[in-house]
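Chemist: One structure coming up, written as structure tokens, with questions to follow.
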Amino acid sequence: MTLFEKYGGMPTIKIIVRNFCMEIMSRPNLARYHEGMDLEGLITHAIGCIAYLLGNSIFSDEQINNLRRHHHHLGITKHSYGKVAEILREELIAAKFEHADVEIVINIIFEHRNDIVTRR
């Protein structure tokens, strides 16, 4: 069973991601990376990413492998990436994910850090 299935599939992911994106957008340092982006578009994109990380195949491996190309122009810093990971951790905990499962997701997030961070 994937983490996606274990925690209720798409209904749960949608709640987590909506809260996650709203929190990101409430922080000016993080919201600046999404200036001019439609909030619903951001949420839809993030739903696909988080669902993929939890074991659902909404995104293809090719799409995930293109993370660098999709994020390079944003100039995301290591600090900002860490803050986003912290927010995701908080949302997973709030959604009653088990500690070990939260750590699995966060470790996967950090495996992709070099694909997204372009500024130290």
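A short reminder: the numbers here are calculations on the coordinates, not readings from a lab. Keep in mind that what you see is a predicted model, and the values were worked out from it rather than measured. Please note: Cβ atoms are built from the backbone with ideal geometry, for glycine as well, and neighbour counts cover all protein chains shown.
Chemist: Does anyone have the angle between helix 10-25 and the longest principal axis of the chain? Alpha-carbon axes, 0 to 90°, nearest 10?
Modeler: 30
Chemist: Same structure, new question: Wrap a convex hull around the Cα atoms of region 12-58, take a quarter of its surface area, and give that in square nanometres. Before the final figure, lay out the partial values.
Modeler: Numbers: hull surface 12.8 nm².
The Cα convex hull of region 12-58, projected and averaged over all directions, gives 3.2 nm².
Chemist: Using the eigenvalues of the Cα gyration tensor, what equivalent ellipsoid semi-axes result for the chain when each is taken as the square root of five times the eigenvalue, whole Å, largest first?
Modeler: On the way: eigenvalues 91, 50, 42 Å².
Computed over the chain, the values are 21, 16, 14 Å.
Chemist: Across 10 Å bins from the origin, how do the percents of Cα pairs in region 68-116 run, short distances first?
Modeler: 25, 49, 22, 3
Chemist: To the nearest 10 degrees, how steeply does helix 39-53 sit against the main Cα axis of the chain, on a 0 to 90 scale?
Modeler: Long axis of 39-53 versus the principal axis of the chain: about 50 degrees.
Chemist: Around G8, under 12 Å between beta carbons, what's the net of Lys plus Arg minus Asp minus Glu among the other residues? If you can, show how the numbers build up before the last one.
Modeler: Details: positive: K6, K14, K96; negative: E5.
Cβ neighbours under 12 Å give a net charge of +2.
Chemist: If you take the charge dipole of the chain about its Cα centre, with +1 on Lys and Arg Cβ and -1 on Asp and Glu Cβ, which of P11, I47, M1 is farthest toward its positive end?
Modeler: Farthest towards the positive pole: I47.
Chemist: Where does helix 78-94 land angle-wise versus the long Cα axis of the chain, in degrees 0 to 90, nearest 10?
Modeler: 20
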